[in-house]
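See structure below.
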Amino acid sequence: MPVEIARCLVARGGHLQWPIVINNSMQVDGADYVKLLKSSRLTARLLCGKPATARPLAKTKILETLIKMRNEAYNTMENNFSRGEKEDLGLDVPPKRRRCNKKADDVPKTVELTAPPFGEFVGHKLRVLLSRSGPLCVELAPQNLEYLHIAVTTQISEESQKIKAEEDGPEMDVDITGIKGLCISKRRQAIRAYKVSKGKTITKYFKITGEIAADDAQVAAATAWLQKPFPDLSSCDA
């Protein structure tokens with residue numbers, strides 16, 4: 001077998017701790033594209049900026065979101081091509097359906113998507129290879145890698161905070177008024193009022209939308225509910 005010489009791209013700088021050799025790139029219309037897979041170590045290093053010892057992208061959704069947008073763009077374009085151009089003949093009856101003679105070479109190979117906002121990237125445009133399904137192939141541009149880095153790190157952080165909240169306890173109750181039986185549930189973002197009688201705990205939540213100090217009406221409602229006699233608490237949440 002003869003010796004083969006291949007051209008490889010190298011990404012370095014920015015959020016990347018070390019240079020990364022990109023061995024799965026492809027050229028389309030003079031631009032380089034890279035295939036992104038959540039299970040790929042290369043993808044994890046490109047987007048997270050450091051070696052992945054586990055699967056850091058497992059809990060992220062940005063790649064699925066972009067794949068869905070790409071698939072929708074493909075279906076829309078395919079439907080437009082299948083209909084073809086219809087001539088308005090001014091007839092009372094619709095013209096017969098004509099077979100589309102659109103050549104495969106005329107179908108765009110790429111599509112520009114408006115990515116979901118993350119951080120300072122609002123209305124960011126990134127170009128991907130157009131296909132009906134399969135992995136996402138993104139144009140290998142510094143702005144695209146930086147956008148995806150911010151997107152995945154944001155989603156990873158949000159997932160970590162969610163897991164920590166669950167580990168800290170189901171309610172994460174915090175005393176707010178000094179009144180026994182009245183506190184705030186961070187997980188539910190509500191005031192929690194509870195009363196124990198005959199070994200049974202009755203609980204009711206009062207939803208809050210802002211700072212607890214500014215939600216005096218809900219505090220008053222929770223306090224009034226708490227002061228009701230136990231037999232009258234028939235409308236509460238068990």
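We did not get these values from a lab; they are worked out from the coordinates using the rules stated. Note that this is a predicted model, so its numbers are computed, not measured. FYI the Cβ positions are ideal-geometry reconstructions off the backbone, even for glycines, and counts take in every protein chain you see.
The figures follow:
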read-out: I22, I208 arranged by Cβ crowding within 10 Å, fewest neighbours leading; value: I22, I208
read-out: Ranking of E139, E112 by count of other Cβ atoms within 10 Å, fewest first; value: E112, E139
read-out: Additional length obtainable on full extension of the chain from K186 to N80, 0.36 nm per residue less Cα span; value: 33.3 nm
read-out: Order of V152, V21 - criterion: other Cβ atoms within 10 Å of each residue's Cβ, fewest first; value: V21, V152
read-out: Label-to-label distance, nm, for residues given as I22 and V3 (7 Å Cα→Cβ offset); value: 2.7
read-out: Residues whose placed amide H lies under 5 Å from that of T110, excluding near-sequence neighbours; value: L130
read-out: For segment 150-156, 3J(HN,Hα) per residue [Karplus equation, 6.51 cos²θ - 1.76 cosθ + 1.60, θ = phi - 60°, Hz, x = Gly/Pro]; value: 5, 5, 6, 5, 5, 5, 5
read-out: Cα-Cα over 20 Å, subset of K68/K109; K195/K228; K186/K207; K61/K109; K59/K162; K61/K207; value: K61/K109; K61/K207
read-out: Nonlocal amide H pairs with D32, under 5 Å, H built at 1.01 Å; value: L140
read-out: Sequence-distant residues sharing a close amide H with L136 (under 5 Å, placed H); value: L36
